[in-house]
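To start, the structure itself, in structure tokens.
The values are calculated or read from the model by the stated rules, or taken from the named source; none is laboratory data. Quantities reported herein were computed from a predicted structural model and do not represent experimental measurements. Reconstructed Cβ throughout: ideal geometry from the backbone, glycine too, with neighbour counts over all protein chains shown. Surface accessibility is based on the protein's heavy atoms, side chains included, excluding ligands, DNA and RNA. Shrake-Rupley method; radii C 1.70, N 1.55, O 1.52, S 1.80 Å.
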Amino acid sequence: QVQLVESGGGLVQSGGSLRLSCAATGSILTINYMGWYRQAPGKQRDLVADIRSGGSTSYHDSVKGRFSISRDIAKNTLTLQMDNLKPEDTAVYYCNAHILRPYNVNWREYWGQGTQVTVSS
């Protein structure tokens with residue numbers, strides 16, 4: 001079994017910082033993509049930031065310059081440093097990964113359970 005376990009959400013005032021972490025556990029051969037997505041009430045789930053196996057990153061325009069994504073390949077962990085948080089960043093944040101398991105030929109997509117981030121004004 002493969003699981004993505006998130007941590008680090010919480011309540012913070014506008015202008016504050018939070019650090020989200022995601023750990024991929026289980027039988028994993030390799031991961032070629034990891035990303036953070038978020039979903040606010042009544043809205044669709046959107047990409048916040050992602051990182052690919054070569055190290056290239058991308059960010060939603062609304063978080064550029066405020067959020068930073070990083071990955072520890074050896075530990076299969078993903079981190080999102082969020083600075084200068086704004087009330088509009090309030091959402092449930094989900095970790096996503098594309099994983100190849102041993103003895104498998106197909107990549108599978110996995111999601112974490114989500115962690116709530118609330119930014120008060």
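Rank 24, 69, 59 by how far each Cα sits towards the positive end of the charge dipole of the chain (+1 on Lys, Arg Cβ; -1 on Asp, Glu Cβ) and give me just the farthest.
24
Compute the signed sum of charges (Lys and Arg +1, Asp and Glu -1) over the other residues within less than 15 Å, Cβ to Cβ, of residue 98.
That sum, taken over residues with Cβ under 15 Å, equals +2.
What are the semi-axes of the equivalent ellipsoid for the chain, taken as the square roots of 5 times the Cα gyration tensor eigenvalues, largest first, in whole Å?
26, 14, 12
Please report, in debye to the nearest 20, how large the charge dipole of the range 1-101 is about its Cα centre when each Lys and Arg carries +1 at its beta carbon and each Asp and Glu carries -1 there.
140
Quick one: pull the percent of accessible area on the range 75-121 belonging to carbon and sulfur, 1.4 Å probe, ligands and nucleic acids left out.
So the carbon and sulfur contribution to the accessible surface is 47 percent.
How large is the accessible surface per residue of the chain, computed with a 1.4 Å probe and reported in Å² as a whole number?
54
Which lysines, if any, have their Cα less than 27 Å from the Cα of residue 75, not counting same-chain residues under 8 positions apart?
Cross-link targets: 64.
Could you estimate the translational diffusion coefficient of the range 44-84 from the Stokes-Einstein equation, with Rh from the Kirkwood formula over C-alpha pairs, at 20 °C and 1.002 mPa s, in whole µm²/s?
196
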